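K.L.:
Structure in C-alpha cells, see below.
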Amino acid sequence: MDDRIILLVEDNPDDALLTLDALSTNNIGNKVVVAKNGVEALDYMFGTGMYEGRDISDMPAIVLLDLKLPKIDGLEVLRRIRSDPRTNLQPVAILTSSNEEEDRIKGYSLGANSYVRKPVDFDEFILAAGQLGLYWLLLNQPVPGVKIK
Amino acid sequence: MFSKWIYYRLLGRFFLPLLLIVAVVIGLLYHQEIETLDKLLEKEDISSVELATQVERNALATLGADALYLAGQPNMKSWIEYPSGLNKSAVVADFQWFQERFPAYDQVRLLNAQGMEEIRLDRVSGQSLVVPQAQLQNKSQRYYFKKIHSLSPGDIYVSPFDLNLERGRIEIPLKPVIRIGTPVFNQSGKFRGSILLNYLGTQILDELRQFSPGDGREIWLLNNKGFWLLGRGPEQEWGFMFPERQQHTMTIAYPQVWEKMQNNIEVGRASQNQDLFTFHRLDINSVTPGGESFKQNHWYVLIFTPKSYIEEKHADVKRNYLYMFALVFGLLLIVCSRLAQKELLRAESEQKVAEQEVQYRELLEGAPDSIVVADQSGVIRMVNVEAERVTGYSRADLVGQNVEILLPQRLRENHEEYRQSYLENPVVRSMGASKELFLLTKSGMEIPVEISLSPLVRGNERLVTSIIRDITQRKQQVAHIKELNRDLVMRSNALKAINLELESFSYSVSHDLRAPLRAVDGFSQTIIKEYADKLDDRGKDRLERIRKAAQNMAGLIDGLLDLSRISRTDMQREEVSLSKLASEVLSQLQEIDPGRKVTVSIQPEMNAQGDARLLKVLLTNLISNAWKFTGQVDDARIVLQSKELNGEQVFSVQDNGAGFNMDYAAKLFGAFQRLHDAEEFPGTGIGLATVKRVINKHGGRIWAESEPGKGAVFYFTLGEE
C-alpha cells in the first residue's frame, strides 16, 4: 500500500509543504510526486515532457488536484485525464481554496471523485488530509487491472 | 320646439301668399260668374217679357182684325147703304156665326150713328143670344161711342182693359173686358155707326200667366196708370175699379221703378230694395191702326224677380265657390305642408352642414399640426393657421396654388403620380411611411415632416386633407436618444467588464488570499507542535495569536465572498417555509454550541415568496446574531413570527440579548460596522450587510428596534414579485 504514489498538483510551495506535513502527521508514508502546474501533472500522467518514458500504467493511488494553476488550470487537467481512455478511471480529488459553487459543479461534472476545501486552520487541514489519505489509500478498492507494486 | 316654429314659418311663407292668390282668383271668378249669372237672368227676363209682349200684341192685333172683319162683311155693307130689316137680319146672322165661332167675345154690337144699339148679341150660358129690340139701349153718352165717332175709316178703338159693369155695377164674378170698336161709313163717307166687341180678357191674361217663371218670380201686366191687371193676387188687381184699392199701384208700391219705366224706353230693367223688375212697354196704337188719339193707351208687361230669388241664385254660386275654395285650401295646405317639410329638412341639413363646417373650421384652426386641404387636381383649397406659421406663406399665398409649391424641387416630379394613386384608393393613411418627407418653406428652408392623408367629401367635391407634422424636434430627440443609448451600451459593457473582473477578483481572493493564511497558520502550528521545547510561554502565546488572527482573516474573506456572491446570484422566487429554515439554522447552532440553553419560539407555517438559498443566508445571519447576543443572558429567548401590517407581511426575529443603542441604528447594516467589542461578541461585521443585500435583492425593507440590555427586534419584509 505504501508503494502507491500520490500525485499532488499544487503551484504554491507553502501549500505543497503543508500538505506533505499534514500527510506525514497522519502517518501516510506514500511517495508524493508534486507537479507545480497543469503541464507537469499531465506530463506525469501521460509520460510526456519531463516524465518522458514513465510507465503510465503505474497510476497514482490518488491525484490531489488544485484548481488554480499556472499554464493549464486544474479543471482542464481533470478534463484531459477523463477524456483519455488510459487515465479516465484515475481517482482524482480536488483540493482547493475555492468554495465557489461553480467550481464544485464543474469539478464534479468533469468527473472529480471528491471535492475538498483546504481549511485555513491547520488542525482542520491535518484532519482533512488524514481522512483523504485513509479513504483513498486504505478503504477505497482500486480499479481492476491497475498495477500494484 | 324650434323646428316646429320654423316649420310653421315656412308653411306660412308658402301657404299664405298662395292662399292669397287663390283667394283673389276665386274671388274674381266668383265675381265674374255672379255678373254672368245676373246678365243671364236679365237676358232671360228680357226675352221672357219680349215674348210675352209679342203674344199680347198678337192677341190685340187679332182683336182689331176681327172688328175690321165684321165691318167689312158684305151684309154689313148692305145694311149701311140700305138699313132694311132684311139686311139687318143678315148682319145679325153674321154676328151670331161670329160669336159662336169666337167664344171670347162676350158681346157683339152694332150701334147706329146716334149711339143707339142697333144689334146686340150677348153670350149667355155659352149661347149667343140676340137681345130683343125693347132691351136695346142708347150708348151715345158712353166714352167709347164718342171715341169711335171721331175715328177715320179702318181705325180701331181699343178700350182700357177693365172690369165689365152691368147697370153701373162691377159684374161679379169679375169679368175683365177690352172693348174693341171700329166706325162704319157709307159709300159717301157718312158715319153710319160703329161695331163694338166686348172681349173677355181672361184668355189673354191666362196666356200671360203661362209666362210666369215661378220660383217666386212673377209676370205682371200693368196699365198706363200703374195699376195691376195681372199681379201677385186678385185683391191687388184692378185697383182703379175699386175705391178701396186705389193705392195698389206701381206708382205707390215701387215709385223708383215706375219712374224709370216712364223714361220713354220700351224695354228696361229697374230695381228697388234689391228686387228686380224687367219691363216691356206695349203701345196699343203700334198694334192697331188706331191713330194718334190713343197714344197714351199702353200697357206694361213686367217680370218681377224678388231679391230672395237672386240671393238664392247667388248663394248657389257662392256655395260652389266656397266648396271650390275649401278644396283648393285643403290641397294647398297639404302641398305647402309637404313643401314646408321638405324645406325644413333642407334647412335642418343645411344648418347641420353649417355647424359641421364651423366645427371643422375650429378643428382645423385648433390643430397643433399644419393642415392643407387640396382638391383632386392638387390645388390648395384651405390651410390652417399652423400651416401659415410653419410654411411662412400667408393663406392668400397658398390657396389656389398647387400643393407642389410646398415640396422641395427634387420631390416635386413624382408627387403628381403619388397624388393620382392616392385618389384611386383614398383611405386614411400616412404618406411614404418608409421615406423621409420634407416641407419647403417660403424662405427655402426644408423641414422634416410626417404627413397623414385622409379623404374628405364636401358636397360633390372630393378633397384630400394632409396633416403635416413638423418632426424636427422629434428627429433631434431621436438622435439624442440614440446617442444616449450608445452611451448606455458602452457603460453597460464597461460594467459587464468590471463585473467580470470583480468575479475573477473574488475568485482570486478566495484562492490567493487564503493560501498565505494557511501557510501562516499551518507553519505556526508546526512550530508550536514540533518546537515546543524551544519556546517559552510568551512565544507560544504569540504564535497562538498569529494563528487566531489568520483564522479571523479567513473568516473575513469568507464573509466578503458570501456578500459578493449574493450580489452575483440570480434570484428565483418560490414558496419557502421560513419556519422550517429557521429550525434548521437553530439546530445547526445548537449542534455547534450544545451547552447553550435557549428558549426558541417559531411561528409554525410561516411562508414567504423568495429565493430559498438567499433566505437561508438571511435567517442564518439574523438568528446567529440573536444566538450570539443572548450568550450572556440567563434566560435566553429567540422568537420568530410574522404579522400583517398595512396589507404587508412583516417578519420579525426577536431576542432578549444585549441589544444596541438606537443612535447607531443607521450604521447597523453597513459592511464591517460593529456595535460591540470583538472580545465580548466576536464577529466580522459583514453579517447584517449581507442580510441587507438579501432584503434589497427581494425588494423588501429591514429595520430594527432595540435598547441596550433589553434585546433587539429585526423586522423585515420581502417585497413582491
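K.L.:
Please work out which one of (1) modelled with pLDDT under 90; (2) in the same structural domain as B:Gly189 (by TED's automatic domain parsing); (3) in a helix (DSSP H, G or I); (4) not β-branched (Val, Ile, Thr) is the condition B:Gln99 fails and give its number.
P.N.:
(1)
K.L.:
Moving to a separate point now. Does at least one position in segment B:191-202 carry a residue that is over 29 Å from B:Asp122 (Cβ atoms) and either buried (at least 21 other Cβ atoms within 10 Å of the Cβ) or at pLDDT below 90 (or both)? First the steps, then the outcome.
P.N.:
Keep residues of segment B:191-202 that are over 29 Å from B:Asp122 (Cβ atoms), which gives none.
Within segment B:191-202 (the criterion being over 29 Å from B:Asp122 (Cβ atoms) and either buried (at least 21 other Cβ atoms within 10 Å of the Cβ) or at pLDDT below 90 (or both)), the answer is no, since none of the residues qualifies.
K.L.:
Then there's this: Name, by its number, the condition in (1) of a type in the set (Asp, Glu); (2) under 60 Å from the mean Cα position of the chain (by Cα); (3) within 13 Å of chain A (Cβ to nearest Cβ) that does not hold for B:Asp470.
P.N.:
The one condition B:Asp470 does not meet is (3).
K.L.:
Another question, then. Would you mind telling me which numbered condition in (1) closer than 25 Å to A:Glu124 by Cα; (2) away from every other protein chain (no Cβ under 14 Å); (3) within 16 Å of the chain's Cα centre (by Cα); (4) without any contact (Cβ under 8 Å) to a residue 24 or more places away in the chain A:Asn27 fails?
P.N.:
Answer for A:Asn27: the failing condition is (3).
K.L.:
Here is a further query. With the structure loaded, tell me whether A:Asp121 is more than 14 Å from chain B (Cβ to nearest Cβ) and out of contact with any strand residue (DSSP E or B) (no Cβ under 8 Å at 6 or more places or on another chain) or whether it fails that test.
P.N.:
Numbers: more than 14 Å from chain B (Cβ to nearest Cβ): no; out of contact with any strand residue (DSSP E or B) (no Cβ under 8 Å at 6 or more places or on another chain): yes.
Taking the combined requirement at face value, the residue does not satisfy it.
K.L.:
I've got another one for you. Among (1) surrounded by 14 or more Cβ atoms within 10 Å (Cβ to Cβ); (2) in contact (Cβ under 8 Å) with a residue 24 or more places away in the chain; (3) away from chain A (no Cβ under 14 Å), there is one condition B:Leu563 misses while meeting the rest; what is its number?
P.N.:
So the condition that B:Leu563 fails would be (3).
K.L.:
Return the only residue of B:Arg514, B:Arg568 being in contact (Cβ under 8 Å) with a residue 24 or more places away in the chain, basic (Lys, Arg), loosely packed, with under 15 Cβ neighbours inside 10 Å and within 14 Å of chain A (Cβ to nearest Cβ). Can you show your working first?
P.N.:
Values: B:Arg514 fails: loosely packed, with under 15 Cβ neighbours inside 10 Å.
Going through B:Arg514, B:Arg568 in turn, the sole match is B:Arg568.
K.L.:
If you don't mind, there's one more thing I want to ask. Hey, any hits in segment B:171-182 for a residue that's touching an Asp or Glu at 6+ places or on another chain (Cβ under 9 Å), part of a strand (DSSP E or B) and exposed (fewer than 13 other Cβ atoms within 10 Å of the Cβ)?
P.N.:
So far as segment B:171-182 goes, no, none of its residues is touching an Asp or Glu at 6+ places or on another chain (Cβ under 9 Å), part of a strand (DSSP E or B) and exposed (fewer than 13 other Cβ atoms within 10 Å of the Cβ).
Matching residues to (1) part of a helix (DSSP H, G or I); (2) basic (Lys, Arg); (3) surrounded by 14 or more Cβ atoms within 10 Å (Cβ to Cβ):
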{"position": "B:Leu411", "(1), (2), (3)": "yes, no, yes"}
{"position": "B:Arg419", "(1), (2), (3)": "yes, yes, yes"}
{"position": "B:Phe438", "(1), (2), (3)": "no, no, yes"}
{"position": "B:Gly444", "(1), (2), (3)": "no, no, no"}
{"position": "B:Ser452", "(1), (2), (3)": "no, no, yes"}
{"position": "B:Gln473", "(1), (2), (3)": "yes, no, no"}
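K.L.:
Would it be correct to say that A:Ser83 is among the small types (Gly, Ala, Ser) and crowded, with 21+ Cβ neighbours inside 10 Å? Write out each step before concluding.
P.N.:
Working: among the small types (Gly, Ala, Ser): yes; crowded, with 21+ Cβ neighbours inside 10 Å: no.
Spelling it out, it is not the case that A:Ser83 is among the small types (Gly, Ala, Ser) and crowded, with 21+ Cβ neighbours inside 10 Å.
K.L.:
Restricting to segment A:98-112, count the residues that are more than 14 Å from every other protein chain (Cβ to nearest Cβ) and surrounded by fewer than 19 Cβ atoms within 10 Å (Cβ to Cβ).
P.N.:
Here the count works out to 3.
K.L.:
Give B:Val576, B:Val585 a once-over and let me know the one that is modelled with pLDDT of 85 or more, crowded, with 18+ Cβ neighbours inside 10 Å and in contact with a Gly (Cβ under 6 Å, 6 or more places away or on another chain).
P.N.:
Details: B:Val585 fails: in contact with a Gly (Cβ under 6 Å, 6 or more places away or on another chain).
Exactly one of B:Val576, B:Val585 is modelled with pLDDT of 85 or more, crowded, with 18+ Cβ neighbours inside 10 Å and in contact with a Gly (Cβ under 6 Å, 6 or more places away or on another chain), namely B:Val576.
K.L.:
Do we find that A:Met50 is away from chain B (no Cβ under 14 Å), among the hydrophobic types (A, V, I, L, M, F, W, C) and touching a residue at least 40 places away in the same chain (Cβ under 8 Å) in this structure? Give the derivation first.
P.N.:
Working: away from chain B (no Cβ under 14 Å): yes; among the hydrophobic types (A, V, I, L, M, F, W, C): yes; touching a residue at least 40 places away in the same chain (Cβ under 8 Å): no.
The answer is no for A:Met50.
The values are calculated or read from the model by the stated rules, or taken from the named source; none is laboratory data. Keep in mind it's a predicted model, so treat the numbers as computed, not measured. Virtual Cβ from ideal backbone geometry, glycine too; neighbours counted across all protein chains shown.
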